[in-house]
Each structure stands twice: as C-alpha cells, then as structure tokens.
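For reference, the structure discussed in these notes is given below.
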Amino acid sequence: MTRVLRVVSYTIYHSPNAYLGHVLATRALAGLAVAVERRPLAIPQARGVKVADLVGGREPERRARYHREDCLRWAARHGVPFVPTSPEAFAERARAWAASPLAREELPARAYYAALGSGCEAALDAALFQAAWVDGLDVNDPTVVGRAAVAAGLDPDRLLASAMERGPADMLDHALQAFDRDGCPGVPTWVVDGATFWGKDRVDWLADHVRGRRGAAG
C-alpha cells in the first residue's frame, strides 16, 4: 500500500507570499500521494500586525515595496490572479487590526478550523484567499468571511458562531505553537517528515522532495 505523505502547510490569509505559494503548491502537489494539512495562523497582538512581526522581523518600506513588485512578477509569471493591497489600504487596515479585540487573521483562521470536517474547508480556504488577493477585501471583516462561507457552500451565520467557540480557538493556538516548535522562518512554510521549505520560491523543491520520498518508499 502506498504511504500518503503528510504535508503541513503554514499560511496567513493576508500574506501575498502565502497566497501565491498556496496556489503554486496546490498545482505542484496535484496527483502526488500527499495529504496537505492546512494550518492558517493569526498574528498574536503582542507580536504586532505585520507578517514579519510573527517571527520578530522587520520590514522597512524599501523591502515592502520590493515584495509588492516581486509578488506581481511571480503572479504574472505563473498566471495567478493577484491584486496587491496598496500601502494606504494596508495602513488603514493595520489601525483597525490594532484596535480590534481579535488578533490579525484570527477570525478567518478560526472560521477555517470551524469548517474542518464539513467537506467544505478547502473551498473556504480558497475563497478566503480569493477575497484577500483577487477581490482586495479585508478577511478580518465578518461580512467578508460570511461571503466566503457562502461561496464555499457553508451557512455563514452558523460558521461565524462556531468560529468563536473554544474548539477553533484551541486549534488556532495549537497551530501557532507548532509553527514556533517547527522553527518556521515565516509564511508560507511547508513541513514534510521534518524537512522545511519556506517561501513561494521553494514550491518546486517541496514537490521534488515529495517525489523523492515517494521514490525511496517505492
């Protein structure tokens, strides 16, 4: 019997690199004997509101500008729909996130964990990424999460209520603990049998590693 490899995928919905990496990894791993365990993260308020804050990093404006340009190039090169967030829109959202009782990304990540077992979780995951990086919306907004739920075939009111229960909160906490325990340098990061692959530019390496493990097992 062929062993199915487990691929743990750490992402954040408002990270353009995570979005592009997610799309490219989905393509690269299609047809391979893998089970992808998605672990969306939130950025604890004590750490800040930027993705770089998650691992104690800094993102100067020149680096942020380069990242936007780089993501546009990657999206164009690989045919991925992508609408970047303007610096002004990000600044406005960051102010709202800092004042919110929920951490950045907490609501959409909780919603994903609340959807587990419904059979619609993959569709919700894709809909949340689409809302953020194709439609240009803030997925920390309950209305946006509700629309993503409808697109995924879920009841939005029920999902949002379930998202705020203890179970999804615990799963979100465990995901962050695992991210830190695995020593992940950022998002997107994939972990396969202890091997770590970070970044949208490491998707091919991830797929090659999976194929190599499959060949060794065979």
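Exactly one residue out of 127, 151 is at pLDDT 95 or above, over 22 Å from residue 72 (Cα atoms) and not charged (D, E, K, R): that is 151. The single residue among 169, 123, 127 that is touching a Lys or Arg at 6+ places or on another chain (Cβ under 7 Å), crowded, with 16+ Cβ neighbours inside 10 Å and part of a helix (DSSP H, G or I) turns out to be 169. On the basis of being in a strand (DSSP E or B), over 12 Å from the mean Cα position of the chain (by Cα) and of a type outside the set (A, V, I, L, M, F, W, C), does residue 6 make the cut? Taking the combined requirement at face value, the residue satisfies it. Going residue by residue through the range 183-206, is there one that turns out to be buried (at least 19 other Cβ atoms within 10 Å of the Cβ) and in contact with an Asp or Glu (Cβ under 8 Å, 6 or more places away or on another chain)? Checked against the condition, which is being buried (at least 19 other Cβ atoms within 10 Å of the Cβ) and in contact with an Asp or Glu (Cβ under 8 Å, 6 or more places away or on another chain), the range 183-206 yields at least one hit.
Name the residue, out of 52, 25, 42, that is within 20 Å of residue 144 (Cβ to Cβ), of a type in the set (Gly, Ala, Ser) and under 15 Å from the mean Cα position of the chain (by Cα). Being within 20 Å of residue 144 (Cβ to Cβ), of a type in the set (Gly, Ala, Ser) and under 15 Å from the mean Cα position of the chain (by Cα) holds for just one of 52, 25, 42, which is 42. Taking (1) part of a strand (DSSP E or B); (2) of a type outside the set (A, V, I, L, M, F, W, C); (3) in contact with a His (Cβ under 8 Å, 6 or more places away or on another chain) in turn, residue 37 satisfies each apart from (3).
The values are calculated or read from the model by the stated rules, or taken from the named source; none is laboratory data. Remember, predicted model here, so these are calculated numbers, not experimental data. So basically every Cβ, Gly included, is an ideal-geometry build from the backbone, and we count neighbours across all protein chains shown.
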